[in-house]
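The values are calculated or read from the model by the stated rules, or taken from the named source; none is laboratory data. Note that this is a predicted model, so its numbers are computed, not measured. Cβ sites come from the backbone with ideal geometry, for glycine too, and all protein chains shown count toward neighbours. With ligands, DNA and RNA removed, areas are computed over all heavy atoms of the protein, side chains included. Shrake-Rupley method; radii C 1.70, N 1.55, O 1.52, S 1.80 Å.
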Amino acid sequence: MIVLPVIVLPELSPNSADLAILAAAIAAAFVIFEYGFTTPSLIEFRFAAPYNRFRFAILALLLTGIAFAFSEPVSSTGTSLAVSGFAKTSAQIWDFTGSPLTFFEGLTANMGATSQRLVTNAAALALSLTAITLVVSSVVIWNFSWPLHAENFNLWINMPNFDVAVDEETQDTLRQSGLVSLIIGFTLPYLIPEAAFAFVGPLHPINSGNSLLLLWMIVIWCFVPAVSILRAVALYKVANLLAAQSIELSKSEDV
């Protein structure tokens, strides 16, 4: 998936392709290292599918969709035209006061009309894809038997960096951490463009030299908040499972 934009985007420089291949190799080494050992390391909910599959699906859709949206002016295939049409519709949907898209548009102030429209449509497309996949993922996690039945769910191997305490304290900590993740997820779409504008300034018009950079900026802008919101949903679900388990244990002790 990391190399895919290099394949789809037209007229990229050799340096961009080399960097993409290097990044893909690093990501592959990390995944092989993480999943090659039986003991957990960094990735949360590694043994609670399909949580990480949802995260990968969000990233894959964003990379694929934005790559085809950027390639449409140069390579008008059926796929790129369909994606471009959905991007234009998304731009209309997200055009309202207080929309994250209005904050992102501040980065495109120096662009010409064509480049600005292309980047804005790609950003709107990313918002739509993120919202759709996030809703589907959250519904599956919350309403189905994810991660497992409470008595079979091992909190330590799925959250190796989480400090497991007494049951009630664990539930409260999970909910507090979930609330923080939720707040971060809903505020980052507004904060990231402001931070990028403060450190980088307005973006340059899209061209063969920076299209890959713009693509990854939009992906990060949507992916990081989406992962944070999905984590909040998962933490609240685990907290509810622990609460239900505690109630069942107390009832059995009473009996």
Compare Glu34, Glu194, Glu72 by solvent-accessible area with a 1.4 Å probe and give them largest first, with all protein chains kept in place.
-> Glu194, Glu72, Glu34
Per residue, in Å², the accessible surface of the range 1-80 once ligands and nucleic acids are set aside, probe 1.4 Å | 53
State, as an integer percentage, the relative contact order of the chain based on alpha-carbon contacts under 8 Å between residues 6 or more apart.
-> 28
Extension gain, Ala49 back to Thr97 (0.36 nm per residue minus Cα-Cα distance, nm) = 13.5 nm
Quantify, in whole percent, the carbon and sulfur part of the accessible surface of the chain (1.4 Å probe; protein heavy atoms only).
-> 66
State, to one decimal in nm, how far the label point of Ala113 lies from the label point of Ala60, with both points 7 Å from Cα in the Cβ direction.
-> 4.0
Out of [x] 49, 41, 34; [y] 56, 39, 35; [z] 73, 43, 36, which label holds the value of Cα extents along the principal axes in Å that was computed here?
-> [z]
Please arrange Phe70, Phe37, Phe199 by accessible surface area, largest first, computed with a 1.4 Å probe and ligands excluded.
-> Phe199, Phe37, Phe70
How far apart, in nm, are the 7 Å Cα→Cβ label points at Ala25 and Leu4?
-> 2.3
What FRET efficiency would be calculated for the residue pair Thr89, Leu155, taking the C-beta separation as r and a Förster radius of 41 Å, to the nearest 0.05?
-> 0.45
Between Ile183 and Ala198, with labels modelled 7 Å along Cα→Cβ, what's the label distance in nm to one decimal, could you check?
-> 1.8
For Leu241, Leu203, the accessible-area ranking with a 1.4 Å probe, largest leading, is Leu241, Leu203
